[in-house]
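Novice: One structure coming up, written as C-alpha cells, with questions to follow.
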Amino acid sequence: MTAQIIDGKALSQRLRVGFRERVERLKARGVSPGLAVVLVGDNPASRVYVGNKIKACEECGVHSLHIGLAADVSEAEVLATIERLNRDAGIHGILVQLPLPAHIPIARVLEAISVHKDVDGFHLYNVGALVTGTSIFPPCTPYGVQLLLDTTGIDVAGKNAVVVGASNIVGKPMGLMLLQREATVTICHAKTRDLAQHTILADILIVAAGKPGLIVPQMVKEGAIVIDVGINRLPDGRIVGDVCFDAVKEKASWITPVPGGVGPMTVTMLIENTLRSAERAFKAADGDEFQDWEAPVVKSPD
Ligand code: NAP
C-alpha cells in the first residue's frame, strides 16, 4: 500500500480563503481583528516562527502587532506588557512566543494572558477545558492535526490512537482532543518501554517527539494514518519529521509530509483562533449578528 498524502499546505490555503472573507465581514462591522505577538530575546528559531505568524496575518488581512522585548527584561515588565494588551480593544489574540529566558516563569506569563485572548490555548483555563471538551481556543498544533485527520474522511471514534510525545503544547492536548472524539488513546513518551509495542497497534499514529528517524515501518500497522508533527533540522540543513517518510508511506494509508503537513496548519489555526476571538468580542459588544462559532468543517477529498 502507498499512502495518500495529507497536504497541510493546500488545506491551509483553502482555510485562509475563508479567513479573508471573515475578516471582511468583521471590518464591515467596524472590527479589525488584531493579533499581538510578544517575543522575548532573539532566539533565531523563535524569530522565524514569529515572522511566519506575522506573514500569515498579513496574508489574511489580520492586523499584527510585534512586540520585541530584550532577553534580560524583568518578569514584571513582561506581565505589564500582557496586561496592556489584555486591555487593548484592538487586540483579539495575544501570543507569547516560547521558549522564554530561564528567569521568566512560563506558567505565570501564560496565566496572565486573558482567557478571552488566549489564542495559543495555553492558559490553564483552556488547557483544563480540553478535559471537558469546552475549550474556547484549542491549542493550534493539535487543532491543526484534528483538521488534517478530518480530510481523510475517516471517523476517529473507536480507533486506536497512539500519540508519541507528551508535551504540554502538543502530545497531551492531542491525546485529550482524540479522546473527546472517542478514540482509544495511548500517550507515549521518552520513558515508554518498547515504543513499537504501542505504535504497532495504532490505527492513527501521531508523532511529536522531535527525534528524526524515530518511527520506522516495522513500528507502523499496515493501513495506519500517520501524522508527523516533528520538525528537525539535519546537519545537512534538510528539515525532516520524526517518521521515516519514504519507507513508512509504503505501509500507511495516509501520511503527512514534513515540511508541508502539520507546520502550515499550526499557523493557520492561530489565525482561526484570532478570528474567533474577534467574532466573540463583536458578539459580546453588539448582540447576535454572528452565529455561535463552529469549528471549520473539512471535507474529505472526492
Ligand atoms: P518537547 O517538549 O521536547 O516534547 C517531546 C516529547 O517527546 C516529550 O514528551 C518526550 O518525552 C517525548 N520523547 C522524546 N524522545 C522520545 C522517544 N525516543 N520516544 C518516545 N517519546 C519521546 O517537544 P514538543 O514541543 O512537543 O515538540 C515535538 C516536536 O514537534 C519537535 O520536533 C517540534 O519541533 C515539533 N513541533 C512542531 C510543530 C508544528 O507546527 N509542526 C509545533 C510544535 C512542535 P518525555 O516527556 O518523557 O521527555
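Novice: Over the Cα atoms of segment 172-225, compute the convex hull volume and normalise it per residue, giving Å³.
Specialist: Each residue corresponds to 84 Å³ of Cα convex hull volume.
Novice: Moving to a separate point now. With a 10 Å cut-off between alpha carbons and a GNM built on the chain, which of GLY260, GLY153, GLY223 moves the most?
Specialist: GLY153
Novice: What lysines does LYS283 reach when the alpha-carbon gap must be under 20 Å and sequence neighbours fewer than 8 apart in one chain are set aside?
Specialist: Straight-line reach from LYS283, under 20 Å: LYS27, LYS117.
Novice: Calculate how steeply helix 8-28 sits against the longest principal axis of the alpha-carbon atoms of the chain, using the helix alpha-carbon long axis, and give the answer as 0 to 90 degrees to the nearest 10.
Specialist: With rounding to tens, the tilt is 20 degrees.
Novice: Taking 20 °C and 1.002 mPa s as the conditions, I'd like the Stokes-Einstein D for the chain in µm²/s, using the Kirkwood hydrodynamic radius from alpha carbon pairs.
Specialist: Here the translational diffusion coefficient equals 108 µm²/s.
Novice: Restricting to Cα pairs below 8 Å that are 6+ residues apart, what does the relative contact order work out to for the chain? Please round to a whole percent.
Specialist: Across the chain, relative contact order equals 22 percent.
Novice: Can you give me the long-range amide H partners of ALA224? Hydrogens built in the peptide plane at 1.01 Å from N, cutoff under 5 Å, separation of 5 or more residues or another chain.
Specialist: SER253
Novice: Now for a separate question. Springs between alpha-carbon pairs under 10 angstrom, Gaussian network model over the chain: which of HIS198, HIS92, HIS103 fluctuates most?
Specialist: Its mean-square fluctuation being the largest, the pick is HIS103.
Novice: Same structure, new question: Karplus couplings for segment 214-224 from phi (6.51 cos²θ - 1.76 cosθ + 1.60, θ = phi - 60°), rounded to Hz, Gly and Pro as x?
Specialist: Rounded to whole hertz, the list is 5, 9, 10, x, 4, 9, 10, 6, 4, x, 5.
Novice: Continuing with this model, one more query. Checking the a/c ratio against 1.5 first, then a/b against b/c, what shape does the Cα gyration tensor give for segment 140-262?
Specialist: Working: a/c = 1.31, a/b = 1.30, b/c = 1.01.
Rounded.
Novice: Separation between the LYS27 and SER46 pseudo-spin-labels, each 7 Å from Cα along Cα→Cβ, expressed in nm?
Specialist: 3.1
Novice: In segment 83-113, whose amide N lies under 16 Å from the spot 7 Å out along Cα-to-Cβ of ASP72? List them in ranges.
Specialist: 101-104
Novice: Shifting gears a bit: Within the chain, what percent of beta bridges assigned by DSSP are antiparallel, to the nearest 5?
Specialist: Here the antiparallel bridges make up roughly 5 percent for the chain.
Novice: Taking H placed 1.01 Å from N in the peptide plane, check which residues at least 5 places from LYS159 or on another chain put their amide H under 5 Å from its amide H.
Specialist: HN-HN under 5 Å from LYS159: THR184.
Novice: Rounded to the nearest 10 degrees, what's the angle between the helix 44-60 long axis and the longest principal axis of the chain, both from Cα atoms, 0 to 90?
Specialist: Compared with the principal axis, the helix lies near 70 degrees.
Novice: Same structure again: According to a simple spin-label model (label point 7 Å from Cα along Cα-to-Cβ), what is the distance in nm between LEU79 and ARG14?
Specialist: 4.5
Novice: Here is a further query. Which residues' amide hydrogens lie under 5 Å from the amide hydrogen of VAL164, considering only partners 5 or more residues apart or on another chain, with H built in the peptide plane?
Specialist: It is CYS188, ILE206, VAL207, ALA208, by chain and number.
Novice: Which one of VAL226, VAL73, VAL131 has the biggest mean-square fluctuation once the chain is modelled by GNM with Cα springs under 10 Å?
Specialist: Looking only at VAL226, VAL73, VAL131, the largest GNM fluctuation is found for VAL73.
Novice: Counting only DSSP beta bridges with both residues in segment 172-288, tell me the antiparallel percent, nearest 5.
Specialist: DSSP beta bridges in segment 172-288 are roughly 20 percent antiparallel.
Novice: Want the number for ALA107 to LEU234: 0.36 nm per residue separation, take away the alpha-carbon distance, what's left?
Specialist: Going from the current span to full extension adds 42.6 nm.
Novice: Check the straight Cα-Cα distances from LYS211 and name the aspartates and glutamates below 19 Å, setting aside those fewer than 8 residues away within the same chain.
Specialist: Qualifying aspartates and glutamates at Cα under 19 Å: ASP194, ASP228, ASP236, ASP242, ASP246.
Novice: Given contacts defined as C-alpha pairs under 8 Å and at least six residues apart, what's the relative contact order of segment 28-117, whole-number percent?
Specialist: Reported relative contact order: 39 percent.
Novice: By a straight-distance test (C-alpha under 23 Å), which lysines pair with LYS159 as possible cross-link partners, with residues fewer than eight away in the same chain excluded?
Specialist: Output for LYS159: LYS172, LYS221, LYS249, LYS251, LYS299.
Novice: Just check segment 28-117 against the gyration tensor rule for me: Cα atoms, a ≥ b ≥ c as the square roots of the eigenvalues, rounded for a/c under 1.5, and otherwise prolate or oblate depending on whether a/b exceeds b/c.
Specialist: Values: a/c = 2.48, a/b = 1.37, b/c = 1.82.
It comes out oblate by the Cα gyration axes.
Novice: In the neighborhood of LEU201, defined by Cβ-to-Cβ distances under 15 Å, what is the net charge if each Lys or Arg adds +1 and each Asp or Glu adds -1?
Specialist: Combined, the nearby Lys, Arg, Asp and Glu give +1.
Bear in mind that the values in this text are calculations on the coordinates, not laboratory data. This is a predicted model, so every value here is computed, not measured. FYI the Cβ positions are ideal-geometry reconstructions off the backbone, even for glycines, and counts take in every protein chain you see.
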